[in-house]
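Each remark here refers to the structure printed beneath this line.
The values are calculated or read from the model by the stated rules, or taken from the named source; none is laboratory data. Keep in mind the model is a prediction, meaning the values are calculated, not measured. Note that each Cβ is placed from the backbone with ideal geometry, even for glycine, and that neighbours are counted across all protein chains shown. Surface areas here come from the heavy atoms of the whole protein model, side chains and all, with no ligands, DNA or RNA. Shrake-Rupley method; radii C 1.70, N 1.55, O 1.52, S 1.80 Å.
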Amino acid sequence: AEDDVWAVLVELQHPPAAGADAIALDLLMQTRPQVDGRTARVILGEWRAYAALADEPDWDDDDL
């Protein structure tokens with residue numbers, strides 16, 4: 001749900017570093033108990049994928 005996504009983004013503000021999911025999920029469960037752990041893990045995975053794409057150069061960029 002959109003509310004769950006925003007809860008994760010607002011609480012964590014940045015994707016957690018590799019290996020820090022347990023800490024991020026613990027923080028999230030304490031501050032936003034309405035977001036279940038499975039949903040939060042999915043959101044974190046999608047967030048990381050989006051962040052990785054944002055770091056990639058655009059394939060249609062004229063500067064390539």
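Side notes on the structure shown:
- When each of A22, A54 is tested for being open to solvent by less than 100 Å² (accessible area, probe 1.4 Å) and modelled with pLDDT under 90, the lone residue that passes is A54.
- Selection within region 1-19 - among the β-branched types (V, I, T) and open to solvent by less than 60 Å² (accessible area, probe 1.4 Å): V5, V8
- Checking E56, E46 one by one, the residue that is among the acidic types (D, E) and closer than 16 Å to D4 by Cβ is E46 and no other.
- Single unsatisfied condition, R38 versus (1) under 18 Å from D3 (Cα atoms); (2) among the basic types (K, R); (3) open to solvent by 70 Å² or more (accessible area, probe 1.4 Å); (4) in contact (Cβ under 8 Å) with a residue 24 or more places away in the chain: (4)
- Checklist (1) over 14 Å from the mean Cα position of the chain (by Cα); (2) among the aromatic types (F, W, Y); (3) outside any loop (DSSP other than H, G, I, E, B) applied to W59, failing item: (3)
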